[in-house]
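J.: The structure's right below; bear with me while I get my questions together.
The values are calculated or read from the model by the stated rules, or taken from the named source; none is laboratory data. The structure presented is a predicted model; accordingly, all values stated were derived computationally and were not measured. Cβ sites come from the backbone with ideal geometry, for glycine too, and all protein chains shown count toward neighbours. Ligands, DNA and RNA are excluded from the accessible area calculation, which covers all protein heavy atoms including side chains. Shrake-Rupley method; radii C 1.70, N 1.55, O 1.52, S 1.80 Å.
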Amino acid sequence: MYTLIGDKRSRAMRVLWLLHELDVDFEVHAEPPHSEKVLAQSPSGKIPVLLVDDVVLTDSVAIMTFLADKHSQFTYPAGSIKRAVQDGFTQTILDELDAILWTASRHKFVLPKEHRVPEVRESLVWEFTRNTNRLGVRLGDGPYLMGDKMTVPDILLSHCIGWAKGNDFVIESPEVLAHHTMMKERPAFRAALAG
Ligand SMILES: N[C@@H](CCC(=O)N[C@@H](CS)C(=O)NCC(=O)O)C(=O)O
């Protein structure tokens with residue numbers, strides 16, 4: 001049995017989406033970061049957390065990778081060349097999109113006020129547009145990052161693009177925008193959003 005802890009207006013949404021795609025049994029505790037329930041499981045207070053029976057898993061991408069491997073869906077097998085390419089996409093998206101969005105959030109509301117540098121946003125917005133343009137070239141005709149097969153980094157990319165749009169980042173790449181539109185049509189995404 002899986003128990004997801006984390007409000008879906010956070011990186012917990014990625015895990016929730018994949019759980020719906022996998023059509024497995026799970027329950028959700030929609031907790032904000034640093035709530036008592038979160039801190040009881042993870043001293044950092046960060047979400048998401050996934051409980052697998054009594055074991056606590058942290059970090060959205062590690063959790064998604066575990067779930068995809070365990071259920072042999074939305075991934076290529078560990079040790080295959082295709083998996084290495086897939087993981088390359090995952091790491092690129094973490095480095096070049098997630099990290100930028102998180103830096104913007106930290107300087108907007110996460111860090112203590114005296115440590116925020118709001119002026120950094122302009123540079124982050126520029127860099128995000130450049131990086132999504134680059135990724136769009138790699139995405140090509142897709143429709144998914146790995147061609148015909150949807151994998152974990154497709155969910156990660158789509159979540160980052162939704163996050164970016166909600167914060168007025170500029171996305172120019174037609175390939176990335178088309179990918180996002182296609183991913184949002186998925187019943188599992190809609191179920192995660194609604195549930
Ligand atoms: N790398 C982690 C980051 C987790 C994270 O920072 N989550 C945010 C919400 S999206 C959080 O809990 N922030 C609270 C904090 O930074 O203390 C992941 O992907 O799960």
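J.: Is there any pair linking a residue in the stretch 90-109 that is not assigned by TED's automatic domain parsing to the domain that holds Ser60 to one that is within 12 Å of the ligand (Cβ to nearest atom), with Cβ under 6 Å and at least six apart or on different chains, and which?
T.: Within 6 Å, the pairs are Ile93/Leu156; Leu97/Cys160; Asp98/Cys160; Leu101/Trp163.
J.: Looking at (1) more than 10 Å from the ligand (Cβ to nearest atom); (2) under 28 Å from Val125 (Cβ atoms); (3) under 13 Å from the mean Cα position of the chain (by Cα); (4) surrounded by 19 or more Cβ atoms within 10 Å (Cβ to Cβ), can you tell me which one Leu18 breaks?
T.: Unmet condition: (2).
J.: If you take the residues in the stretch 59-89 that are without any contact (Cβ under 8 Å) to a residue 24 or more places away in the chain and within 11 Å of the ligand (Cβ to nearest atom), which one is surrounded by the most Cβ atoms within 10 Å (Cβ to Cβ)?
T.: Of everything passing the filter in the stretch 59-89, Asp59 is surrounded by the most Cβ atoms within 10 Å (Cβ to Cβ).
J.: A follow-up question, please. Taking the condition under 17 Å from Trp102 (Cβ atoms) and either more than 13 Å from the ligand (Cβ to nearest atom) or polar (S, T, N, Q) (or both), does Ser10 pass?
T.: On the way: under 17 Å from Trp102 (Cβ atoms): yes; either more than 13 Å from the ligand (Cβ to nearest atom) or polar (S, T, N, Q) (or both): yes.
So Ser10 fits the description; yes.
J.: Can you give me the number of residues within the stretch 30-56 that are within 13 Å of the ligand (Cβ to nearest atom) and β-branched (Val, Ile, Thr)?
T.: Selection size over the stretch 30-56: 4.
J.: Just one of (1) modelled with pLDDT of 95 or more; (2) under 26 Å from Thr65 (Cα atoms) trips up Gly142, so point out which.
T.: Unmet for Gly142, out of (1) modelled with pLDDT of 95 or more; (2) under 26 Å from Thr65 (Cα atoms): (1).
J.: Follow-up. Do we have Trp126 as farther than 26 Å from Phe66 by Cα and either basic (Lys, Arg) or outside the structural domain of His20 (by TED's automatic domain parsing) (or both) here? I'd like the intermediate steps shown before the answer.
T.: Numbers: farther than 26 Å from Phe66 by Cα: yes; either basic (Lys, Arg) or outside the structural domain of His20 (by TED's automatic domain parsing) (or both): yes.
For Trp126, the condition - farther than 26 Å from Phe66 by Cα and either basic (Lys, Arg) or outside the structural domain of His20 (by TED's automatic domain parsing) (or both) - is met.
J.: Now, a different point. Pull up the stretch 141-157, narrow it to residues that are of a type outside the set (Val, Ile, Thr) and surrounded by 22 or more Cβ atoms within 10 Å (Cβ to Cβ), then point me to the one that is nearest to Pro77 (Cα to Cα). Even if it seems obvious, please write down each step before you answer.
T.: Here is the first cut: in the stretch 141-157, the residues of a type outside the set (Val, Ile, Thr) are 141-150, 153-154, 156-157.
Applying the additional criterion that residues be surrounded by 22 or more Cβ atoms within 10 Å (Cβ to Cβ) yields 145, 153-154, 156-157.
Details: Leu145: 16, Pro153: 14, Asp154: 16, Leu156: 18, Leu157: 20 Å.
Only one residue fits best here, namely Pro153.
J.: Quick one: count up the residues across the stretch 46-58 that are open to solvent by 70 Å² or more (accessible area, probe 1.4 Å) and in contact with a Pro (Cβ under 8 Å, 6 or more places away or on another chain). So that I can check it myself, show each step before the final result.
T.: We begin by selecting, within the stretch 46-58, every residue open to solvent by 70 Å² or more (accessible area, probe 1.4 Å); these are 46, 53-55.
With in contact with a Pro (Cβ under 8 Å, 6 or more places away or on another chain) added as a condition, the list becomes 46.
Residues in the stretch 46-58 being open to solvent by 70 Å² or more (accessible area, probe 1.4 Å) and in contact with a Pro (Cβ under 8 Å, 6 or more places away or on another chain): 1 in total.
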